[in-house]
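This report concerns only the one structure given below.
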Amino acid sequence: MTPGDIAGNVARVRERIERACARGRREPGSVRLIAVTKTHPVAMVEAAYAAGVRDFGESRVQEALPKIAAARAAGVEATWHLIGHLQTNKTAAAIDAFDILHSVDSIRLAEALSRRAARKLKVLLEVNVAREASKEGVVAADLPAFLREVRQLANLEVAGLMTVAPRVENPEQARPVFRRLRELRDELGVGELSMGMTGDFEVAIEEGATMVRVGRALFGERQGR
C-alpha cells in the first residue's frame with residue numbers, strides 16, 4: 001500500500017466520521033481517530049502521519065517499542081495509545097512508550113502502573129459490556145467499585161472507559177453495547193469513550209464514542225499475526 005493509498009483511506013475514514021457525527025448531532029472534532037498500526041511497518045505510520053493522523057494505537061508492547069522509537073526518530077510527533085491487554089510484567093515498558101493506556105482491567109494492573117509511574121498516567125478502564133468469556137475487562141456491575149479503587153491511586157488519571165464489542169454481521173447489533181458504555185460513562189462522570197473499530201465505528205460514534213480505533217479501513221488487512 002502506497003502513501004497515496006493511505007492518504008486516500010484517511011480522507012475516506014474522516015468523511016465517514018463526519019457523517020456519523022452529523023447523524024449523532026455532534027461536532028466532528030469531538031471524535032479522535034486512532035490509527036491502529038498493529039503488525040504494520042513504521043512506513044505506514046509515517047504515511048498516516050503525513051496524511052494528518054496524530055494518534056496511533058498498538059496492541060502489544062514488545063512489537064510497539066521499536067516501531068514507536070523508529071517513528072519518533074523519523075519526526076512523527078504523535079500520541080501513542082496502548083489498546084491491547086497489558087500484562088503486569090510489562091507495565092514499566094508500557095509507561096515509557098505510551099501516552100494513554102486503554103485497557104486497564106484489574107486493580108492488580110492499576111496498582112502496578114501507579115507504583116511504577118513517575119508521572120500522572122492517563123488510563124481508560126476496560127469494560128466487558130457483553131460479558132464475553134473470551135474478552136478482558138470488568139463487568140458493568142463491578143465498574144463503580146473498580147473506578148473508586150483506581151481513583152485512589154496516586155499516579156493514575158482515569159480519563160474514561162473502553163470496550164470491545166462482539167464481532168457481529170450487522171454493526172447495528174453492536175449498538176446496545178456502545179449505548180450501555182455511554183450510559184455507564186454518564187452515570188460515573190468520566191470523560192472519554194474508546195469504542196468502535198473498522199466494522200462498527202460509525203454506530204459507536206452515533207452512540208457517543210470520543211475515540212475510535214481503526215486499522216483495516218486505513219491500512220488493509222493485518223500483516224503477520
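Here are the numbers:
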read-out	value
Hydrodynamic radius by Kirkwood, which averages 1/r over all alpha carbon pairs of the stretch 130-225, in angstrom	14.4 Å
Over the chain: helical MRE at 222 nm, DSSP H runs n ≥ 4 each giving -39500 (n - 2.57), nearest 500	-12500 deg cm²/dmol
Choice from GLU157, GLU169, GLU149 showing the highest fluctuation, given a GNM over the chain with Cα pairs closer than 10 Å	GLU169
Distance histogram for the chain (every C-alpha pair counted, 10 angstrom bins, percent rounded to whole numbers)	8, 34, 37, 19, 1
Gap separating the Cα centres of the stretch 43-76 and the stretch 180-219, nearest whole Å	22 Å
Considering only the chain, percent of DSSP beta bridges that pair antiparallel, nearest 5	0 percent
Cα-Cα P(r), the stretch 1-60, percent of pairs per 10 Å interval	23, 48, 25, 4
Kirkwood Rh and Cα Rg combined as Rg/Rh, the stretch 91-131	0.99
Low-density loop positions, trypsin sites (Lys or Arg not before Pro), the stretch 113-192 - DSSP coil, at most 16 other Cβ in 10 Å	ARG119, LYS120, ARG131, ARG167
Too-long pairs where the Cα-Cα distance tops 21 Å, listed order kept, from LYS67/LYS90; LYS90/LYS122; LYS67/LYS135	LYS67/LYS135
In the stretch 1-81, the GluC sites (Glu not before Pro) that fall in loop regions by DSSP, at most 10 other Cβ within 10 Å	GLU77
Accessible area in square angstrom per residue, the stretch 37-127, 1.4 angstrom probe	39 Å²
For q = 0.12, 0.14, 0.16, 0.18 Å⁻¹, Debye-computed log10 I/I(0) when each Cα of the stretch 8-97 counts as one equal scatterer	-0.42, -0.55, -0.69, -0.82
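The values are calculated or read from the model by the stated rules, or taken from the named source; none is laboratory data. Small disclaimer: the values here were computed from a predicted structure and weren't measured. Don't worry about glycine lacking a Cβ; one is built from the backbone with ideal geometry, like all the others, and counts go over all protein chains shown. Side chains are part of the model used for accessible areas, which takes the heavy atoms of the whole protein and leaves out ligands, DNA and RNA. Shrake-Rupley method; radii C 1.70, N 1.55, O 1.52, S 1.80 Å.
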